[in-house]
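Student: Dropping the structure in here first, questions after.
The values are calculated or read from the model by the stated rules, or taken from the named source; none is laboratory data. On a predicted model such as this, the values are computed, not experimentally measured, just so you know. Cβ: placed from backbone, ideal geometry, glycine included. Neighbour counts: every protein chain shown. Areas reflect the complete protein model, heavy atoms only, side chains present, ligands, DNA and RNA absent. Shrake-Rupley method; radii C 1.70, N 1.55, O 1.52, S 1.80 Å.
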Amino acid sequence: MNPAPSALKRWSPPVLLAVVLLAALYMVTLVHAAGETLLAGTMLIISALALWVYTSPRTYAYRYLFPGIATALIFVVFPMVYTMSIGFTNYSSKNLLKFPRATQYFLDETYQAEGEPLAFTLHADGREFRVRLEDADAGHAYVSRPVALKNTDLQDLKVEPAEQLKAALGDPVQLKDVIARQPQLKALTAILPDGRMLRMTGLRQFGPVQPLYEKQADGRLLNKQDGSFLLPNFDTGFYETASGERVQPGFQVGVGWANFQRIFTDQAFQQPFIRIFVWTVVFSALTVFFGAALGMFLAVLFNWDALRFKGLYRTLLFLPYAVPGFISILVFKGLFNNNFGEINLILEALFGIRPAWFSDPLLAKVMLLIVNVWLGYPYMMVICMGLIKAIPGDLYEASAVAGAGPLTNFFRITLPLIMKPLTPLLISAFAFNFNNFVLVSLLTGGRPDFLDTSVPAGTTDLLVSYTYRIAFQDSGAQYGLAAAISTVIFAMVAGISLLQMRFTRIARDDKR
Amino acid sequence: MAIVLDKSHRWRVLAAHAFLIGLILLVIFPFLMILSISLRPGNFAAGSLIPEHISLEHWKLALGISYTAPDGRVVRPEFPVLLWLWNSVKVAALTAVITLSLSTTAAYAFSRMKFRGKQASLAGLMLMQMFPSVLALVAIYAIFDRLGNVFPSVGIDSHASLLLAYSGGIALHVWTIKGYLDTIPIEIEEAAKVDGATPWQAFRLVLLPMAVPILMVVFLLAFIGAIIEYPVASILLHEEAKLTLAVGSKLFLYEQKYLWGDFAAAAILSGLPITVVFILAQKWMISGLTAGGLKG
């Protein structure tokens, strides 16, 4: 045997492992340096686990499991646990930052100090810009390196004496371009060679500034302008003045059960929560009922020998299930449009009515149900067809001999026999529609809204879409509250799942 | 079944046909309508089901071609539909590849190996897929927001973040593949091992080629699942050029800017291929799953 490939074979796994490990360690240090200790710790644990699994001979089976299970744990299980933990914090747009970052924000703030401002001009350099500051009294001029001026993140900018600049500086840009870039320019702190700090104080000048706050040993922040103190309050998640006034931005702190208390006892949240919960249950139950009824009826029809063209009918009736949901839901959104939707045009031509599908709460609910039954019945049809096929044909022969009609057949033979295996599937359909976010979000967005509640909540909102609105839409990114509601939904889904497993077991035991 | 038929039988058959035809008309009405709307000029014009005047303006816009209106105005495409389609296909294909490789290896271990915690992990996987990711949106957003502070390439508004968020959804696929692998006799691999194959070789060279049908099914399922996913994509992607089709299509139908005709063309353009793939996959899926479920 050729020795070269065997050496390659023997050495490539450990070398590869070492390279991957080094890369992982490098990333961990990078993450740690960026201040994300938790993330760095998680990554370190995963790397260590990987090292153990892929080197120890006792963990051979886990080598196959590790990638899949690790990914599922990190990106599916962890977000759920994390959601629950966010539910116990005040994470929101007002309390967005972690404590160290919020403190840093205050320490970065400046105030205008004494001293003469310097004349400022902006000069284009390729696609970037240089800042030029001139001290007319002393006869000095300073120029910065080129900066992109693309974002408004705070940044320090060192300026050098203009004499050191090799290339000639272009003409200053016009004032309107300076105005257009004002937000970006305001984020700059120019630092002179002698250490003085300057910020933009006017369209044509940069003035000297000094840090506004100074951190004291006991954690308080001293306001150097007026000598007052800011005290971090870890109960409210804000820096507060001596009189208890909160200063933005706040930081994230644990608030215990406060979010849950708000949901269940605060009038402003309790009322919409209960109404939305009731509608969520009604919506899911009605959808499952109508979908299953229509699907079952069709399945029974297709089991009828006398009927022809069954294949064609079945294919066409299966179509709503095959078209991507987001497309058919949007199609319905357009067709149901109050003013120029085709459905209203037809209704007006036939009956002279123009129902306001999107602004009347009841009609909006009816529309949601119509669309959802349209989307959901083919699944029920296919399932029921499979179940009906499994019923022995001699049962029907016997009933035919006894002179039974189709209704008797259905209620005495078909329904009782398919109900048991169908129940767990109905429960899982219920659970699916309980969280049918896509439908509500794309069709109505939860609207029309309740008029008598203090938080934005819609008459067609399900619990999940309500959560989504609290976190990502109109009421200002209240992540903590949204996560608390999600946690409540978790508990409900867990309850439904338990029920489903029970019925699955009953169905399975019955078969044996 | 040879039984005596009474008179009402014929009427019942007729009634059943009438009902089915009526229902089918109702069910496919939206599809016919959307086809007609995509071919009629203007975004507001109402007309009969068969448009009197066929115009390809919406199709041109959907394909990214500018179009000149009769009054000489040049109408530019409002949204990059083809780019969105490409984004969707890219993310979905990569997701499917990752999901497939992760779930195949895991399913192999579950099907062929003995280890501690096997039953518990299998049950855990089943339990996991009962909780939809839409409940964890806040955490998913927070995680990728913070990841993005360190690695901007996997932060908010990146396709990599979407890929990572999707790749964990292997629970159902592991069960599907395991069910199929359980039906393949273990003796074949044992024969390979007798000939000196390592477990990895037995897996890759012997078992995998036999499992190709179920792998195709799982690939397509994962692909379609990623293409039609809306909630996670809607919080992770904001920039117009980065959107996937599921998030982008919504932009056509804002009350203030209602591009009904343009939407219709875009919907057919993007929905038709996905539908065809789904119907094909459905056929394989049923045969694949029943083949896998025989011994399950």
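Student: Quick one: B:Pro199 ticks every box in (1) within 25 Å of the chain's Cα centre (by Cα); (2) modelled with pLDDT under 90 except a single one, so which number is it?
Tutor: Status for B:Pro199: all satisfied but (1).
Student: Can I ask one more? Can you tell me which residues in the range A:376-423 are within 12 Å of another protein chain (Cβ to nearest Cβ) and either among the hydroxyl-bearing types (Ser, Thr, Tyr) or open to solvent by less than 20 Å² (accessible area, probe 1.4 Å) (or both)?
Tutor: Result: A:Tyr377, A:Pro378, A:Tyr379, A:Met381, A:Tyr396, A:Ser399.
Student: Would you call A:Leu298 part of a helix (DSSP H, G or I), open to solvent by less than 60 Å² (accessible area, probe 1.4 Å) and at the interface with chain B (Cβ under 7 Å from one of its Cβ atoms)?
Tutor: Working: part of a helix (DSSP H, G or I): yes; open to solvent by less than 60 Å² (accessible area, probe 1.4 Å): yes; at the interface with chain B (Cβ under 7 Å from one of its Cβ atoms): no.
In short, no.
Student: Just name the residue that is farthest from the chain's Cα centre (by Cα) out of those in the range B:127-173 that are polar (S, T, N, Q) and open to solvent by less than 40 Å² (accessible area, probe 1.4 Å).
Tutor: Out of the qualifying residues, it is B:Ser158.
Student: Moving to a separate point now. Please enumerate the residues belonging to the range B:183-236 that are surrounded by 15 or more Cβ atoms within 10 Å (Cβ to Cβ), touching a residue at least 40 places away in the same chain (Cβ under 8 Å), farther than 30 Å from B:Val134 by Cα and among the β-branched types (Val, Ile, Thr).
Tutor: B:Thr183, the sole residue that qualifies.
Student: Further question on the same structure: Being open to solvent by 70 Å² or more (accessible area, probe 1.4 Å) and in a helix (DSSP H, G or I) is the filter here, so list the residues in the range A:252-276 that pass it.
Tutor: Hits for the range A:252-276 are A:Gln261, A:Arg262, A:Phe264, A:Thr265, A:Gln267, A:Gln271, A:Ile274, A:Arg275.
Student: Would you confirm whether any residue within the range A:90-107 is of a type in the set (Val, Ile, Thr), under 26 Å from B:Asn149 (Cα atoms) and loosely packed, with under 14 Cβ neighbours inside 10 Å?
Tutor: There is no residue in the range A:90-107 that is of a type in the set (Val, Ile, Thr), under 26 Å from B:Asn149 (Cα atoms) and loosely packed, with under 14 Cβ neighbours inside 10 Å.
Student: For B:Phe263, only one of the following conditions fails: (1) at the interface with chain A (Cβ under 10 Å from one of its Cβ atoms); (2) farther than 20 Å from B:Phe278 by Cα; (3) assigned to a loop (DSSP other than H, G, I, E, B). What is its number?
Tutor: Only one criterion is unmet by B:Phe263, namely (3).
Student: Among (1) assigned to a strand (DSSP E or B); (2) under 30 Å from A:Gly480 (Cβ atoms), which single condition is A:Asp235 missing?
Tutor: (1)
Student: Still on this structure, I have one more. Report, by residue number, each residue of the range A:359-386 that is closer than 16 Å to A:Lys420 by Cα and free of Cβ contacts under 8 Å to residues at least 40 places away in the same chain.
Tutor: Within the range A:359-386, just A:Gly386 meets the criteria.
Student: Is it the case that some residue within the range A:63-76 is of a type in the set (A, V, I, L, M), under 30 Å from A:Gln184 (Cα atoms) and in a helix (DSSP H, G or I)?
Tutor: No.
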